[in-house]
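The values are calculated or read from the model by the stated rules, or taken from the named source; none is laboratory data. Here the structure is a predicted model, which is why all the values come from computation and not from measurement. FYI the Cβ positions are ideal-geometry reconstructions off the backbone, even for glycines, and counts take in every protein chain you see.
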Amino acid sequence: MQYGSVDYKRVTKIELNVEELKSVEGIQLCSSLTSLSVNVNHLSSLEPLRGLSSLRHLQVRENQLSSLSCLQDLHQLVSLRADVNRIADMKGLAPLSALRTLELQNNNISLVSPNDLLGCSSLEKLVLYRNQISAVQGLNSMSQLLHLNLGRNNLSAVEGLEGCRRLEVLIMYENKILSFPGDLIFAYFSS
């Protein structure tokens, strides 16, 4: 659709960082959008992004988001950075099979459950630093995972990483880990 001299269907990248945005309503007009950065605003919903099927890169850092479930149909999404929000769970992310980078540090996530990232088979980098995570389940199927940051959470054990055979970086500091993650080491040397 064209308004004035701008054909919004042709817009592929938008950066509106450090503004006073409370909504991204109207962004639906940018149907070819591949990259959106709306960091440091006052957004509480990403619902208008639901139909942006070409979106590949999304940065929504430092907003007031509590949910990402409306992103479930963004199958082309490769990177999502939503740190420093109010996100309590990862519902809606499982269908994002193209997702390679997911950064959700400084949120309110307390559990990573088996179905949260089930379809995220391309995930290479997962950053969940500084949440309230007490249990991590379901990462065993993350065969492409290279970088995992679970620092500054409430974990007492590292379990279920046996399938993460490509893992190069494991950050776990400032948790309550009681023993070395032997099952992870055993998985590498037993194959």
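Outside any loop (DSSP other than H, G, I, E, B) and buried (at least 19 other Cβ atoms within 10 Å of the Cβ), is that true of residue 126?
Yes: the conditions hold for residue 126.
Among the numbered conditions (1) over 27 Å from residue 6 (Cβ atoms); (2) in contact with a Gly (Cβ under 9 Å, 6 or more places away or on another chain), tell me where residue 101 comes up short.
(2)
Could you say which residue among 111, 43, 65 is out of contact with any helix residue (DSSP H, G or I) (no Cβ under 7 Å at 6 or more places or on another chain) and surrounded by fewer than 17 Cβ atoms within 10 Å (Cβ to Cβ)?
From the options 111, 43, 65, the qualifying one is 111.
Go over the candidates 62, 15 one by one and state the one that is modelled with pLDDT of 95 or more, out of contact with any Lys or Arg (no Cβ under 8 Å at 6 or more places or on another chain) and farther than 20 Å from residue 126 by Cα.
After applying the criteria, what remains is 15.
Go through (1) closer than 18 Å to residue 59 by Cα; (2) of a type outside the set (Phe, Trp, Tyr); (3) surrounded by fewer than 20 Cβ atoms within 10 Å (Cβ to Cβ) and name the single condition residue 121 misses.
(1)
I'm told residue 76 meets every condition in (1) within 13 Å of the chain's Cα centre (by Cα); (2) under 21 Å from residue 38 (Cα atoms); (3) not β-branched (Val, Ile, Thr) except one. Can you identify the failing condition by its number?
(1)
Of everything in the stretch 84-104, what is under 10 Å from the mean Cα position of the chain (by Cα), buried (at least 21 other Cβ atoms within 10 Å of the Cβ) and within 21 Å of residue 134 (Cβ to Cβ)? Give them in sequence order.
Scanning the stretch 84-104 gives 90, 93, 102, 104.
For the stretch 89-103, indicate whether the set of residues that are within 19 Å of residue 168 (Cα to Cα) and among the basic types (Lys, Arg) is non-empty.
yes
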